[in-house]
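See structure below.
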Amino acid sequence: MSQPRPLDVITIGRSSVDLYGAQVGGRLEDMGSFQKYIGGSPTNMAAGTARLGLKSALITRVGDEHMGRFIREELAKEGVDVRGVKTDPERLTALVLLGIRDDKQFPLIFYRENCADMALDVGDIDESFIAEARSVVATGTHLSNTRTEAAVLKALTLARKHGLQTALDIDYRPNLWGLSGHGDGENRFIESAAVTAKLQSSLHFFDLIVGTEEEFHIAGGTTDTIAALRAVRAVSKATLVCKRGPMGAVAFTGAVPDSLDDGESGPGFPIEVFNVLGAGDGFMSGLIKGWLDGEPWPVALKYANACGAFAVSRHGCTPAYPSWEELQFFLQRGVKEKALRKDPALEQVHWATNRHKDWSVMRVFAFDHRMQLEAMEGATPARIGAFKELCLKAALQVAGGKPGYGVLCDSRLGRDALFQAAGTGLWIGRPVEWPGSRPLVLEPEIGPDFGGLQEWPLEHVVKVLCFYHPDDDAATKAAQEDTVRRLFHACRRNRLEMLLEIIPSKVAPTNDRTSAQIIQRFYDLGVYPDWWKLEPFTSDAAWENACAAITANDPHVRGIVVLGLDASEADLSASLALAAKHPLVRGFAIGRTIFGDAARGWLKGEMTDAAAVTMMSDRYARLAALWDKVREGAKA
């Protein structure tokens, strides 16, 4: 019995950064801002198949610059193997500018002059890497250039040698074959005998060939779709899958019949067309999943049609594609809202199952305090800012580049530390509440329309503290709920995760159900935080109630972190041990227990920088070790 291969699929070809116009309904000339995503058909498919649970890899080239690193990092976050992503020292990463004019016009400009991925070379194709996979998927664009064609054909030849399955997405863009100008990126078909001949010389390499009717027209050399399919069949034994837009797709495993309707098909999905860009790559991702899983073609086409429907209904290419959990949810529940991006339940599953990075352990040093530091002797905004840089230094010392560490830091007093934390690998939370406010008021930088969040890096997590109690008067409840609800939607609009911290004990007496009641209330309001930050409960019942309320509403939540409330290390030891019994609790976010004494001494000028950092790093390290110990003890 043969050993399973470590990779399911390797895609090969284009890799770019997509800059999508954020405004919808206008010309590309009128776009005021852009959203940045990974792009290029093979890159999209690598990420799309990884989301569906396949072990995916990509062979391409990117530039030795910020956009190249962005592609590499995003692919890694999606779970794509990036060993085949080579860095080109001379060329820039390709860019694409795209827009949504209406439901039929999607202008785009390819910036691909001498770009990195078109320098892909036979030397970039490693036989041992190809041999690790079950399949190779190529796209037509890389057959348009002698150098890249040689690389693709080498990969396909090696795939045949090692018994891999092979697939082609025809992916015909006339202007990438030099048949039209830069402003004609939207054009999907221009007849060309030269392109037809080039494609037909390679079609015998493939077990699966996929394209729209227009793409089969170019592959077959005629605009009669049946005749074109038969021309392709004459040079290839591959299964042919012809995409028919809103009419779904059909598969032909043998002779091509007289009507497209006579092919094998899967169910379609009646959805609103919002954005066709990248829909084919979503379709291909679902098709590859079914194909490699050995599903019958109607099932594989069902996956493909559903993944294409997600792409058509959302902004962007890769960001629109579903996770396996989301796809199953959709197929089981069906279409409730034709504009899928406006379906709250579906969008929640999409968001929650496609988040990046593993934060199953959270050891967070919280120094986002403002009011408490401002009250200390010797405190000035500049001194507090300098002290927060020391806090960050202590956090980085303890983390030592290892995963599972983070910081909470504000931008009003801790801006420099916040900036320095970027790219360090730390989880970064950033508060928005005005300290001590009740009803909840946000920091001025957020703005009355919450527009300040547009300036935040995507790795920052929005943290909001709400002093909320079930017995609050109606006016206080309404004010706080409205702010939290609006903030939640602003976070989603700006692609930012949210941590909701609730502290009822500072307002009125609490019991084992108080926090669970509050949690349920916010879910009832449509607020689905990625994280909850809760008080250190003193009973198992309180933890059980809170965890049950969260998992009943959001089984994909990131988890809970425990706050410290300036407790002693001895008191924290007991409370963390109790919390660690509950798997939904990922760790802690503790501040004054770590920095309190150091802050008082340093701000008064009685402690050196080094001494403050040493004191804080020692305390933080002890708490981190304590959490690890009690968590392991809870698992035993």
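Where helices (runs of 4 or more DSSP H) fall wholly inside the range 315-401, the ranges with 1 or more residues that are open to solvent by less than 20 Å² (accessible area, probe 1.4 Å), in contact (Cβ under 8 Å) with a residue 40 or more places away in the chain and in contact with a strand residue (DSSP E or B) (Cβ under 6 Å, 6 or more places away or on another chain) are 381-399.
Filter the range 513-535 for residues that are of a type in the set (S, T, Y) and touching a residue at least 40 places away in the same chain (Cβ under 8 Å); which is surrounded by the most Cβ atoms within 10 Å (Cβ to Cβ)? Looking at the filtered set, the residue picked out is T514.
Only one entry in T538, T551 is under 30 Å from M371 (Cβ atoms), open to solvent by 30 Å² or more (accessible area, probe 1.4 Å) and either within 31 Å of the chain's Cα centre (by Cα) or at pLDDT 90 or above (or both), namely T538.
Please work out which one of (1) part of a helix (DSSP H, G or I); (2) open to solvent by 10 Å² or more (accessible area, probe 1.4 Å); (3) of a type outside the set (D, E); (4) touching a helix residue (DSSP H, G or I) at 6+ places or on another chain (Cβ under 6 Å) is the condition A546 fails and give its number. Among (1) part of a helix (DSSP H, G or I); (2) open to solvent by 10 Å² or more (accessible area, probe 1.4 Å); (3) of a type outside the set (D, E); (4) touching a helix residue (DSSP H, G or I) at 6+ places or on another chain (Cβ under 6 Å), the lone unmet condition for A546 is (2). Selection of the range 207-231 for residues being touching a strand residue (DSSP E or B) at 6+ places or on another chain (Cβ under 6 Å) and either among the β-branched types (V, I, T) or touching a residue at least 60 places away in the same chain (Cβ under 8 Å) (or both) yields L208, I209, V210, T212. Return yes when V630 is within 15 Å of A366 (Cα to Cα) and of a type in the set (V, I, T) and no when it is not. No; evaluated as a whole, the condition is false for this residue.
With respect to the stated conditions, G601 fails to be at pLDDT 95 or above, within 21 Å of K506 (Cα to Cα), part of a helix (DSSP H, G or I) and open to solvent by less than 70 Å² (accessible area, probe 1.4 Å).
Taking every residue in the range 246-264 that is farther than 23 Å from A309 by Cα and pairing it with any residue that is modelled with pLDDT of 90 or more, at least 6 positions away or on another chain, the pairs with Cβ-Cβ distances below 6 Å are T253/T239; V256/L229; V256/R230; V256/R233. The helices (runs of 4 or more DSSP H) found wholly in the range 151-259 and carrying at least 1 residues that are open to solvent by less than 20 Å² (accessible area, probe 1.4 Å) and under 24 Å from K302 (Cα atoms) occupy 213-220, 225-235. For the range 437-474, filtering for residues that are part of a loop (DSSP other than H, G, I, E, B) and closer than 25 Å to M362 by Cβ leaves 8.
Checked against (1) open to solvent by 30 Å² or more (accessible area, probe 1.4 Å); (2) within 23 Å of the chain's Cα centre (by Cα), K477 passes all but condition (2). Only one of the listed residues (P403, P381, P344) is within 30 Å of V630 (Cβ to Cβ) and in contact with an Asp or Glu (Cβ under 9 Å, 6 or more places away or on another chain). That residue is P403.
Being farther than 21 Å from R370 by Cα, without any contact (Cβ under 8 Å) to a residue 24 or more places away in the chain, out of contact with any helix residue (DSSP H, G or I) (no Cβ under 7 Å at 6 or more places or on another chain) and not in a helix (DSSP H, G or I) is a property that does not hold for K477.
The values are calculated or read from the model by the stated rules, or taken from the named source; none is laboratory data. This is a predicted model, so every value here is computed, not measured. We place every Cβ from the backbone using ideal geometry, glycine too, and count neighbours over all the protein chains shown. Areas reflect the complete protein model, heavy atoms only, side chains present, ligands, DNA and RNA absent. Shrake-Rupley method; radii C 1.70, N 1.55, O 1.52, S 1.80 Å.
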